[in-house]
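Have a look at the structure below before the remarks.
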């Protein structure tokens, strides 16, 4: 059976050209970039080349890019780095209720260390109101962190508006752009962000590598202490093959992004329309238009997400859900609950995230199979008769 | 044997794919209703009792693969058993009959046991 992968927001396969670009850096160009000899300097050159590519993609300067082990580290670095470096200025942080766990859990950690965190609500589409950000600012606020687009239901936040507010108030502004970079244009100056997190494996790069953009002049403490790597902000011998892979992925994304976003938006809307038409009592989660080109998230009433996922998997279709049953926390998605969904609706959510190897055929197959699965599960649902 | 590369045992998947005893019993002698929407599992279990023996059992479940499989299994296990025997069925026994459940899913077997007990209690209360 041909499998259909529709979980590109969880991770993407590494592009064959990216793998090809990485390979020499395992064997031939294996030097330590801190070494003076030619092996070391060749490796160093490769890192700096990748750094410029990443910087160019987001309108930054090379020196403002720090390579990390991924998006989670970039988020941790941004939040802890700014918080601990600016404690003398204040202890207040503003964030949103639908952030990725890498931000939420870091904020909780900081709260335990004496910081105050304001967690802003979102509207039914998952949008933060920039007015709320403005109102939440106090003379103790040192950092605002709002994700550029949500990983579960794809809503794109008004980052530029929040950026303007942060800039006017002289407060550092971080955005988790892990789901955005390489998929739609991102410019750190247009957005007026001071820190931006990204991850390679969400844009056809390898796992285990990402980057944090840090605007020149931003005060933050190093993430790791040790050697002089990454301008002394992140010690540790660099992950050369990974960094080269990120560079190549970014280069490819830059070439393909425009057309690919358009193609995926069309497929996304086909899938959304088809699902809502063919399955009654189904609703779209997230904003219909201010939405990542590849994200489809629906709640199907009266059925639970994991049981839909398992049935889809039996048919070769790989997707994801915000149901508690698929997580270790046994709590439904905090994102979907924040939109005002009932726990049942959050449990009945499905996310299909499209990518480079998704075509009309795959969309059609989901539209053919899912209604049958839902009918089967609804026939055994105790929730149905009460409606 | 559990395949370490898959979440569930073959037995769980088999009951998930082809659940036994799905549906409701008309005029049941006992109904058990357990679970809540917050945790994402709701089970309804119906029993038909004749001479203190459970002659039929059916279920309706909203929940994950393990919730559906444990519902299916517990209804299979209980058929033909006396009320006293049925009360002896533990969640562990249901899980074992399915060749085990992942630790995080053991609560589904607890729910199956509770659904059965609740249906029996309902029967006992009605027959008083």
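Just so it is clear, none of the values below were taken in a lab; they were calculated from the coordinates. All values reported here derive from a predicted model rather than from experimental measurement. All Cβ positions, even for glycine, are placed from backbone atoms using ideal geometry, and neighbour counts span all protein chains on display.
For region A:60-236, give me the percentage of DSSP beta bridges that are antiparallel, rounded to the nearest 5 percent.
Numbers: 10 of 26 bridges.
Once the DSSP bridges in region A:60-236 are tallied, antiparallel ones form about 40 percent.
With contacts taken as Cα pairs under 8 Å and at least 6 residues apart, region A:141-256 reaches a relative contact order of 19 percent. For region A:340-381, the residues whose amide N sits under 15 Å from a probe point set 7 Å from the Cα of residue A:278 along the beta carbon direction are A:352, A:359-376.
The packing ranking, built from the mean of other Cβ atoms within 10 Å per residue, places the peptides A:299-308, A:28-37, B:24-33 in the order A:299-308, B:24-33, A:28-37, highest first. Once the Cα atoms are used to define both axes, helix B:106-127 deviates from the longest principal axis of chain B by about 10 degrees.
Taking the convex hull of the alpha carbon positions in region A:212-302 and averaging its projected area over all directions gives 10.1 nm².
For chain A, calculate the relative contact order in percent as a whole number, restricting contacts to Cα pairs under 8 Å that are 6 or more residues apart. Please report the intermediate quantities before stating the final value.
Details: 792 pairs, mean separation 82.3, N = 387.
Contact order relative to length: 21 percent.
So what are region A:98-180's ellipsoid semi-axes, whole angstrom, largest first, if each one is the square root of 5 times an eigenvalue of the alpha-carbon gyration tensor?
Values: eigenvalues 72, 54, 25 Å².
Taking √(5λ) for each Cα gyration eigenvalue gives 19, 16, 11 Å.
The label-point distance for residue A:313 and residue A:124, in a model that sets each label 7 Å from Cα toward Cβ, rounds to 3.4 nm. When only Cα pairs below 8 angstrom with a gap of at least 6 residues are kept, region A:85-141 shows a relative contact order of 47 percent.
Placing a pseudo-label 7 Å from each Cα along the Cα-to-Cβ vector at residue A:269 and residue A:224 gives an inter-label distance of 4.5 nm.
Counting every other Cβ atom within 10 Å of each residue's Cβ, B:90, A:381, A:88, A:199 order from fewest to most as A:88, B:90, A:381, A:199. Running a GNM on chain A with Cα contacts under 10 Å, which residue among A:147, A:224, A:22 ends up with the highest mean-square fluctuation? Result: A:224 has the largest fluctuation of those listed.
Against chain A, whose longest principal axis comes from its Cα atoms, helix A:101-112 is set at around 60 degrees. Stretching residue A:139 away from residue A:187 to a fully extended chain increases their span by 14.5 nm, per 0.36 nm per residue minus the current alpha-carbon distance. Cβ-to-Cβ counts within 10 Å put A:260, A:87 in ascending order as A:87, A:260, the fewest first.
By the beta-carbon count within 10 Å of each Cβ, the least crowded to most crowded order of A:118, B:53, A:175, fewest first, is B:53, A:118, A:175.
Using a Förster distance of 22 Å, how high is the FRET efficiency between residue A:1 and residue A:375, based on the Cβ-Cβ distance and rounded to 0.05? Let's see the in-between values first.
Numbers: r = 21 Å, r/R0 = 0.96.
About 0.55, to the nearest 0.05.
Take each residue in B:40-50, count the other chain C-beta atoms within 10 Å of its C-beta, and the mean is 3. Simple spin-label estimate for residue B:76 and residue B:14 gives 0.6 nm between the two label positions (7 Å along the Cα-to-Cβ direction from each Cα).
Using only the Cα atoms of region A:111-233, what semi-axes does the equivalent ellipsoid have when each is the square root of 5 times a gyration tensor eigenvalue? Give whole Å, largest first. Let's see the in-between values first.
Numbers: eigenvalues 111, 85, 38 Å².
After diagonalising the Cα gyration tensor, the semi-axes are 24, 21, 14 Å.
To the nearest whole percent, what portion of all C-alpha pairs in region A:270-366 is separated by more than 19 angstrom?
Working: 1804 of 4656 pairs.
Tail fraction, whole percent: 39.
Take each residue in B:62-73, count the other chain C-beta atoms within 10 Å of its C-beta, and the mean is 5.
Working note: Debye formula, equal point scatterers on the alpha-carbon atoms of chain A, no solvent; log10 I(q)/I(0) at q = 0.10, 0.14, 0.15 Å⁻¹ is -0.67, -1.20, -1.32. Per residue of peptide A:341-348, the mean number of Cβ atoms on other chains within 10 Å of the residue Cβ is 4. Taking Cα atoms only, the orientation of helix A:71-85 departs from the longest principal axis of chain A by about 50 degrees.
Is the shape of region B:18-95 best called rounded, prolate or oblate, per the rule: a/c under 1.5 gives rounded, else a/b larger than b/c gives prolate, else oblate, with a ≥ b ≥ c the square roots of the Cα gyration tensor eigenvalues? Kindly include the intermediate steps, with their values, before the conclusion.
On the way: a/c = 1.84, a/b = 1.46, b/c = 1.26.
Judged from the Cα gyration tensor, region B:18-95 comes out prolate (a/c at least 1.5, a/b above b/c).
Taking 30 Å as R0, compute the FRET efficiency from the Cβ-Cβ separation of residue A:30 and residue A:10 and round it to 0.05. Could the numbers behind the result be given before it?
Details: r = 31 Å, r/R0 = 1.03.
Calculated value: 0.45.
Based on DSSP, what percent of beta bridges with both residues in the protein assembly as shown are antiparallel, to the nearest 5? List each step's numbers first, then the result.
Details: 37 of 57 bridges.
In the protein assembly as shown, approximately 65 percent of DSSP beta bridges are antiparallel ones.
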